[in-house]
Amino acid sequence: MNTSELASVAAKRALAAAGIDGSEIDMIILASASPDTLIPNIASTVQANIGASCAAFDINAACSGFLYGLGLASSQIKSGQCKKVLVVGAERLSFYLDWSRRETAVLFGDGAGAVVVEATDVPGGVLGYELNNDPDGRDILKAGFGTAMDRFSAESLDFYIQFDGQEIFKRAINGMNKLSTQVLEKCGVDKDEVDLVIPHQANERIIDTLVSRMKIPKEKAFVNIANYGNTSAATIPIAICDALEKGLIKPNQTILSCAFGAGLTSAALLLQWGERVTPVQVSDAQLPPCELSGIELVKRAVDYFCK
């Protein structure tokens, strides 16, 4: 299943939820560190699948990618350049996994989520955002796939996700805490006014430590990593959908979202939800049915890496 297929289903469902047609979209921003192809970008595939005629591009800010995209979409709308922007986070991280390496193989997952950001005269929406990157930490979370590979060596195909867990833990908390504090201060919002925190879903201990350090009650933090694993740029839009389905997002709530990822990127975004918490329409878009068990799905990869 290609990343663009996951992204297209998410996009169609987001359009239906917003009650608009793909032809109304002015821009598509697709966040992914695992696209089907580097050339062309897979935002163009999603564009073709939803019938849009607009600007379309991919961004790679790893796990922070969706919030990067949401910030860019908000700026495009506030500048008057766009009225409706589709932002997608989609990943197929199973592509990068070496199943003989338990420290990474059990952590990551595949998935996609999407939102439509639309201009409105009603107060609210994206109140502010902060983006950052810490290049000193770029080598503590990586996968050696790209043009630096030796195309003529079979060993170059042995690429996989590598990371220093302790260093990432420390930098992730520091990065998200710093940017979350900055965006709250910039928007003039006190932490006690935050109704819900939707963080990147990489590690529940990171989430617990983050909200504890910010002195935000743990019950305000939404956590669903146990259901999907770390789906990188897709974790936050998936979490938004889950929170809506569980009735945890209510009209006019103030929501803080934050993330960190390879680079080391970090992002924080503050938004005020609108009045509507139910979809205008429901799309029937879905992935083809799968008859295989989880063990059967990964058997080829396990046989290859664990032979």
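How do the pairs read when you match residues in region 211-237 that are at positive phi with residues anywhere that are open to solvent by 50 Å² or more (accessible area, probe 1.4 Å) and not hydrophobic (A, V, I, L, M, F, W, C), using Cβ under 7 Å and keeping only pairs 6 or more apart or on different chains?
From region 211-237, the pairs are 215/191.
Pick out, from region 1-83, the helices (runs of 4 or more DSSP H) lying fully within it that include 3 or more residues that are within 30 Å of residue 172 (Cα to Cα), touching a residue at least 12 places away in the same chain (Cβ under 8 Å) and over 15 Å from the mean Cα position of the chain (by Cα).
Correct list: 65-78.
Output the residues belonging to region 263-307 that are among the hydroxyl-bearing types (Ser, Thr, Tyr), assigned to a loop (DSSP other than H, G, I, E, B) and closer than 30 Å to residue 131 by Cα.
Once the filter is applied, which keeps residues that are among the hydroxyl-bearing types (Ser, Thr, Tyr), assigned to a loop (DSSP other than H, G, I, E, B) and closer than 30 Å to residue 131 by Cα, region 263-307 yields only 278.
Listed here are the residues, each with its yes/no results for (1) out of contact with any strand residue (DSSP E or B) (no Cβ under 6 Å at 6 or more places or on another chain); (2) within 21 Å of residue 260 (Cβ to Cβ); (3) buried (at least 21 other Cβ atoms within 10 Å of the Cβ).
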{"site": "2", "(1), (2), (3)": "yes, no, no"}
{"site": "6", "(1), (2), (3)": "no, no, yes"}
{"site": "11", "(1), (2), (3)": "no, no, yes"}
{"site": "24", "(1), (2), (3)": "no, no, no"}
{"site": "33", "(1), (2), (3)": "yes, yes, yes"}
{"site": "52", "(1), (2), (3)": "yes, no, yes"}
{"site": "88", "(1), (2), (3)": "no, yes, yes"}
{"site": "93", "(1), (2), (3)": "no, yes, yes"}
{"site": "98", "(1), (2), (3)": "yes, no, no"}
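What single numbered condition from (1) crowded, with 20+ Cβ neighbours inside 10 Å; (2) closer than 17 Å to residue 63 by Cβ; (3) modelled with pLDDT of 95 or more fails to hold for residue 262?
(3)
Answer with yes or no whether residue 112 is over 27 Å from residue 74 (Cβ atoms) and either over 19 Å from the mean Cα position of the chain (by Cα) or surrounded by 13 or more Cβ atoms within 10 Å (Cβ to Cβ) (or both).
No; evaluated as a whole, the condition is false for this residue.
Out of 207, 240, I need the residue that is closer than 21 Å to residue 165 by Cβ, open to solvent by less than 60 Å² (accessible area, probe 1.4 Å) and outside any loop (DSSP other than H, G, I, E, B). Which one?
The conditions single out 207.
The values are calculated or read from the model by the stated rules, or taken from the named source; none is laboratory data. Predicted model only: the values in this text are computed from it and were never measured. Cβ atoms come from the backbone with ideal geometry, glycine included; neighbour counts cover every protein chain shown. We work out accessible area using only protein heavy atoms, side chains counted, and drop any ligands, DNA or RNA first. Shrake-Rupley method; radii C 1.70, N 1.55, O 1.52, S 1.80 Å.
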